[in-house]
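Comments concern the structure below.
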Amino acid sequence: MKANILIATLGILLLFSCRKSKQDPCFDSKKDAFKTTCCTSGANIEEYTFQGKTVYLYEPGNCGADMTSEVRNEKCETMGYLGGITGNNKINGEDFANAKFVKTVWSN
């Protein structure tokens with residue numbers, strides 16, 4: 001009887017742990033491409049929650065003047081760019097300072 005309960009419990013845990021990733025398959029290819037074009041140090045990809053959605057900030061590092069950081073949604077679609085010569089800090093009309101940091105996905 002205990003073995004049946006244990007097997008059922010493990011089955012349920014396994015079922016709920018196998019959830020589908022929110023990331024579009026293009027995320028990995030974009031990340032790989034970014035790694036080849038970013039600066040040799042100081043670059044990173046960070047995950048945020050912004051406007052109720054998961055977004056990724058691609059920060060290229062500091063190897064050039066007036067570089068921009070790209071913001072993409074979980075479907076890998078570009079939402080806009082931060083920084084640059086104009087010093088833009090808004091995505092979809094909202095200050096990106098309102099974004100909540102979740103984690104660093106990659107850094108060099």
Review point. Hey, among ASN92, ASN88, ASN73, ASN98, which residue is open to solvent by 60 Å² or more (accessible area, probe 1.4 Å) and either touching a Ser or Thr at 6+ places or on another chain (Cβ under 6 Å) or on the phi < 0 side of the Ramachandran plot (or both)?
Key: ASN98
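Given the criteria open to solvent by 70 Å² or more (accessible area, probe 1.4 Å) and either under 18 Å from PHE34 (Cα atoms) or among the aromatic types (Phe, Trp, Tyr) (or both), does GLU59 qualify?
Criteria not met by GLU59.
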Exercise for review: Report yes if SER41 is under 16 Å from the mean Cα position of the chain (by Cα), of a type outside the set (Asp, Glu) and modelled with pLDDT of 55 or more, otherwise no.
Suggested key: no
Check your understanding: What number of residues in the range 27-45 are among the small types (Gly, Ala, Ser) and assigned to a loop (DSSP other than H, G, I, E, B)?
Key -> 3
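The values are calculated or read from the model by the stated rules, or taken from the named source; none is laboratory data. All values reported here derive from a predicted model rather than from experimental measurement. Neighbour counts run over all protein chains shown; Cβ positions are idealised from the backbone, glycine included. These area figures cover heavy atoms from the full protein model, side chains too; ligands, DNA and RNA do not enter into them. Shrake-Rupley method; radii C 1.70, N 1.55, O 1.52, S 1.80 Å.
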